[in-house]
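Reviewing the structure listed below.
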Amino acid sequence: MIIIVPFLSEIATAQNRNNRVSYEQSIPMIKPWKIITQDEDYKGAWTISGDLTGDGKPEMVCTRTMIVDAYRYTASAVAYTLDSKVLWTWGDPKDLKPSGAESQIYDWNNDGKDEVIFITYQDEKSWLVELDGATGKDEEAFRNTGGCR
């Protein structure tokens, strides 16, 4: 196992599992442009971005997963601005690990505004859900009869 540890001096040191230095070289560093602090209850691993509010600036949506009969479903979602402000939350993240389920941002209903689309599991059924991108309110839900494999 090799662990790369970057330093501000732009020197990276690789260490093996015995913590012995095995490689050292000056390399270009990638510094983050922005660090976004996620809401502790809703933070998720699947992150997508798009212009949810129509202001020309990107926002982000993070989702958490539930697994039912080996299928992965979105259980909760949170939308953020790039200033870490929560725009909206959806679902219940209680007792869920922050893993992600697939979701998309797209103008699904062709109204010129982005929606958030994902599959969820409610009332013992699989649903394709469309949320208003700006508010997180349910717009439509379609029964998913084809399964999720």
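Derivation of every value follows stated rules applied to the coordinates shown; laboratory data play no part. On a predicted model such as this, the values are computed, not experimentally measured, just so you know. Neighbour counts are summed over all protein chains in view; Cβ atoms, including those assigned to glycine, are modelled from backbone coordinates with ideal geometry.
Using 0.36 nm times the number of residues separating Phe142 and Asp51, minus their current alpha carbon distance, what extension gain do you get?
30.4 nm
Using +1 on the beta carbon of Lys and Arg, -1 on that of Asp and Glu, and nothing else charged, what's the dipole of the stretch 26-73 about the Cα centre, debye to 20?
260 debye
Please go through the residue pairs Lys43/Lys94; Lys43/Lys125; Lys57/Lys94; Lys34/Lys57 and name each one whose alpha carbons sit more than 22 Å apart in this structure.
Numbers: Lys43/Lys94 11 Å; Lys43/Lys125 25 Å; Lys57/Lys94 30 Å; Lys34/Lys57 14 Å.
Distance filter (> 22 Å) returns Lys43/Lys125; Lys57/Lys94.
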